[in-house]
Amino acid sequence: MQDLISDIGFVEEKEAASIQVLGDQNTGKARKLYIESYGCQMNFADSEIVASILQKEGFDTTSNIAEADLVFLNTCSIRDKAEQTVRHRLTQINGLKKKKPELMVGVLGCMAERLKTKLLEEEKMVDLVAGPDAYRDLPGLINQADEGEKAVNTFLSREETYADVAPVRLNSNGVTAFISIMRGCDNMCTFCVVPFTRGRERSRDPQSIVREAQELFDQGYREVTLLGQNVDSYKWSAEENNKAWLEKKGITSVVTFAHLLEMVAQVSPWLRVRFSTSHPKDITDDVLYTMARYENICKYIHLPVQSGNSRLLELMNRGYTREWYLGKVEKIREVLGDDCGLSSDMITGFCTETEDEHQDTLTLMDAVVFDFSYMFYYSERPGTLAAKKWADDVPEETKKRRLSEIIKKQNEHSRLRNQRDVGRVHRVLIEGESKRSADYWQGRNSANKVVVFPKESFRKGDYVNVRVDDCTGATLIGQAVH
Ligand code: SAH
Ligand code: SF4
Ligand code: F3S
């Protein structure tokens, strides 16, 4: 099997791509729109909303920037590096604009929200700036820009959820899809820019969520991921809204995330349900029991810990301690078993972090053994509480060294967790061809691990039982059992 790995070159396959270009749509519209998205899944989902809104206004999307009349960058502000990447891209696009002066350039998303009109001053070639809650206004903003005016809307809403806008799923594999269930974040973690760029937390109408899941299933999709910055604080008043519909489901006061999860799981046993992101302070036992009750709710939780030290967690305003976090993990394993996938985000070198406190993160990792993690070193974000109150005082070399220690540990743990899966049979939903070989399918098991296996006569969207024979750090390799 080791030969096979090197033969067909399976290497670590990264979970989420950080840049996505929206695919082509040819319906004979007059103008062409190119959208490049950065950052998280929520931005990628928003770009599909933008394409949907502009489709009605005479725009087809193109994945070829050279044929675009309108270029949008849907941007991320989470770390300084994310913003630098966008600035660099804007410089490149400026080159294009010099050759084609009528090209309209717009910045959307979190960086647009953070910098507002400043972006127009700093990046002279930008014609349009629209924050995450202003996408319904894009047709108006484009008209303004057509007239030669600088167009800006960075108004943040308390209500907007785009519940009625059907996203155009241009980059879809036809099997898995994301559904936004809420927007914004009220948590105010002191390091984080999201509450400022995405505004107040608001939940989307559950009836529209269930309808979207049903429509996706009817179109042949077999997995949905419910998206929000903190899905566990999903909340919808059943007393005020959709009363009759919810009463039939036995809900009379508040629709919680556990309720929502159950309603989506009931669409069909053949529709897998995932969700992201869970917050350790808010995930309820109810959610865990609901997961346990439904085979089609995937046994995988992304539960970012950020740090293993309680003093740091307090400075970060995460609302839990090391012990609370470890207690949650224990409960997860008690209710869902050891096979439930667990992943995390970690930040090293946050303000005043000492060497001992960094060690606490490493020992927490040893106690949990995550399947994988997204790991970062702290990047100070203007306007956040941490930036206002504390110096970014851990030297860059120290941050980087601590980060590399964490990454090294995580790699060992990922390998350990994958080795446990070898020799076992996993139920895999086929998502498409393996990126490394046309003779192999790629899919994921319930715990969110990527599994590749020879195609035989299976098809995309099939559920297949696969016996895993080998693994790399990030991928399980096996073959179908008949
Ligand atoms: N809502 C999610 C996270 C969204 S941002 C949650 O609460 O877990 C994704 C990750 O980026 C965070 O979990 C955090 O680990 C990282 N991150 C956020 N702000 C950061 C900053 N200023 N510097 C470095 N990493 C940061
Ligand atoms: Fe940022 Fe915290 Fe909200 Fe996550 S929960 S988006 S880290 S403020
Ligand atoms: Fe980035 Fe905004 Fe998402 S800051 S991570 S794109 S919510």
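Bear in mind these aren't lab numbers, they're just calculated from the coordinates by the rules spelled out. What you see is a predicted model; the values in this text were computed from it and never measured. Neighbour counts are summed over all protein chains in view; Cβ atoms, including those assigned to glycine, are modelled from backbone coordinates with ideal geometry.
Remark on segment 279-391: ratio of C-alpha radius of gyration to 2.2 N^0.38 Å is 1.14. Applying 1/(1 + (r/R0)^6) with r as the Cβ-Cβ distance of Lys235 and Asp366 and R0 = 45 angstrom yields a FRET efficiency of 0.80. The helix-only estimate of mean residue ellipticity at 222 nm for the chain, built from DSSP H runs of length n ≥ 4 each weighted as -39500 (n - 2.57), is -10500 deg cm²/dmol after division by the residue total.
Shape analysis of segment 17-103 places it in the oblate category; the axes a ≥ b ≥ c from the Cα gyration tensor give an a/c of at least 1.5, with a/b not above b/c. Remark: for residue pairs Lys100/Lys124; Lys32/Lys460; Lys435/Lys460, the C-alpha separation exceeds 19 Å in Lys32/Lys460. Does segment 243-286 come out rounded, prolate or oblate by the C-alpha gyration tensor, with a ≥ b ≥ c the root eigenvalues, rounded set by a/c under 1.5 and, if not, prolate when a/b is larger than b/c and oblate if not? Oblate is the answer for segment 243-286, as a/c is 1.5 or above yet b/c matches or exceeds a/b.
Between Thr252 and Arg427, the contour length at 0.36 nm per residue exceeds the alpha carbon distance by 59.4 nm.
Measuring nothing but alpha carbons in the chain and taking Rh as the Kirkwood radius, the Rg to Rh ratio lands at 0.96. Taken over segment 9-153, the convex hull of the Cα atoms encloses 125 Å³ per residue. Could you please state, rounded to a whole Å, how far the C-alpha centre of segment 100-167 is from the C-alpha centre of segment 294-334? Using only Cα atoms to place each centre, the spacing works out to 37 Å. In loop segments of segment 136-192 as defined by DSSP, the trypsin sites (Lys or Arg not before Pro) with at most 16 further C-beta atoms inside 10 Å of their C-beta are Lys150, Arg158. Going from the residue with the fewest nearby Cβ atoms within 10 Å to the one with the most, Phe191, Phe453 rank Phe191, Phe453. For Ser180, the residues 5 or more places off, or on other chains, whose built amide H falls under 5 Å of its own are Leu227. Across segment 425-480, the volume of the C-alpha convex hull divided among the residues equals 68 Å³ per residue. Applying the criteria of a DSSP loop state and at most 12 other Cβ atoms within 10 Å to the trypsin sites (Lys or Arg not before Pro) of segment 382-463 yields Arg459. Every cysteine in the chain with no other Cys Cβ under 4.7 Å from its Cβ, please list them in numeric order. Those would be Cys40, Cys76, Cys110, Cys185, Cys298, Cys340, Cys351, Cys471, since no other cysteine Cβ in the chain comes under 4.7 Å of theirs. Extending 7 Å from Cα along the Cβ direction at Glu121 and again at Lys243 yields two label points whose distance is 5.1 nm. In a DSSP loop and with at most 13 other Cβ atoms within 10 Å, there are no chymotrypsin sites (Phe, Trp or Tyr not before Pro) in segment 399-482. Secondary structure note: in the chain, about 40% of the DSSP beta bridges are antiparallel. Considering only Ser446, Ala474, Val464, the residue lying farthest towards the positive end of the dipole of segment 425-480 is Ser446, judged by Cα position with unit charges set on Cβ.
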